[in-house]
Amino acid sequence: MLKRVFSTGLLAGLVAGLALAILQHFITVPLILTAEVYETAAEAAATPAVHDHGAGDHHHDHAAQDQPKEWSPADGLERTLSTSVATIVTAIGFALILLAAMLLAGEEITPMRALAWAACGFAATGLATGLGLAPELPGSAGAALESRQIWWIATAFATALGLYLMFRATPLWARLGGLVLVLLPHAIGAPHAHNYVSTAPAELAAQFTASSLVVHAALWVIVGVSVGYFWMRMGSPAEMEASR
């Protein structure tokens, strides 16, 4: 069973990750690169010109230049490969989570049923989280990374559990509890910066948010169908025949 689970998750995640990497390359990456041009221009405009005002100023300039910079992949092939690997790893993680959830719920794993569960996964990790923390371009001001990560994870988990209770639970109180779980993160509110600042034009930011949600939805669709397909393919002949 474990071999079947991991094999299905790896294959489904690999297929979905590769497909998503291609979509990102043509849909969201160009928007990010354009936003980085605006961000660089804004930083250059905000940086004062260096003038010779004495030894003190020179010491400050050298100290700033000597500060170590965080590593980031170089533009071009290195950046594309780094992004693609991260995307594939994320897709594999989503596929394994989807499989685990369906197995724990005793759900029959077929492409159509897995797709239905994947739709709930998109609602939890795309729609619900995006409602509070929309995908942002470089140059956008945001709250502390740790607080945003905590809110995102809590919102995704609460929404997933809430949807499960609303659709699968029998008692009315459990369904109402599920609705409360779905609404609770938004009642608390997502962490945001005090001032909404972005170096990119509003039209570019809006296009990126919409494009990111579409790409995220495509990820879940491919993950769901692939999980159902590979799970059936790796079953015994009797299981494959019974699932038809």
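The values are calculated or read from the model by the stated rules, or taken from the named source; none is laboratory data. Given the structure is predicted, the values throughout are model-derived calculations rather than measurements. As a convention, Cβ positions derive from the backbone with ideal geometry for all residues, glycine included, and neighbour counts pool all protein chains shown. Ligands, DNA and RNA are stripped out before the accessible areas are found, and what is left, the full protein with its side chains, is counted by its heavy atoms. Shrake-Rupley method; radii C 1.70, N 1.55, O 1.52, S 1.80 Å.
Heavy atoms only, probe 1.4 angstrom, no DNA, RNA or ligands counted: give me MET1, MET234 ranked by accessible area, highest first. Write out the running numbers ahead of the final one.
Working: MET1 145, MET234 70 Å².
Reading off the accessible areas and sorting them downward yields MET1, MET234.
When the Karplus curve 6.51 cos²θ - 1.76 cosθ + 1.60 is applied with θ = phi - 60°, which whole-Hz ³J(HN,Hα) does each residue of region 131-145 get, with x for Gly and Pro?
Once rounded to whole Hz, the list reads 5, x, 10, 5, x, 10, 8, x, x, 9, 7, x, 6, 4, 4.
Report, by chain and number, residues whose modeled amide H sits under 5 Å from the one on SER140, excluding near sequence neighbours (fewer than 5 apart, same chain).
THR199
So what are the ³J(HN,Hα) numbers for region 167-181, from phi and the Karplus equation (6.51, -1.76, 1.60; θ = phi - 60°), rounded to whole Hz, Gly and Pro as x?
9, 10, 6, 9, x, 4, 5, 5, 5, 5, x, x, 4, 4, 4
Which value, in Å² rounded to 10, gives the accessible area of THR34 with a 1.4 Å probe and all protein chains present?
Answer for THR34: close to 60 Å² accessible.
Hey, what's region 101-151 come to in accessible area per residue, 1.4 Å probe, Å²? Provide the component values of the computation, followed by the final result.
Values: 2460 Å² over 51 residues.
Result: 48 Å² of accessible area for each residue.
What ranking of TRP151, TRP117 comes out by heavy-atom accessible area, probe 1.4 Å, highest first?
TRP117, TRP151
Put SER198, SER226 in order of accessible area, largest first, 1.4 Å probe: what do you get?
Result, largest first: SER198, SER226.
Return the carbon/sulfur percentage of the accessible area of region 115-163, one whole number, probe 1.4 Å, all protein chains in place.
Exposed carbon and sulfur together represent 76 percent of the surface.
With a 10 Å radius around each residue's Cβ, average the other Cβ atoms per peptide and rank 106-112, 20-26, 88-94, highest first. List each step's numbers first, then the result.
Details: 106-112: 14.0, 20-26: 16.9, 88-94: 18.9.
Going from most to least packed, we get 88-94, 20-26, 106-112.
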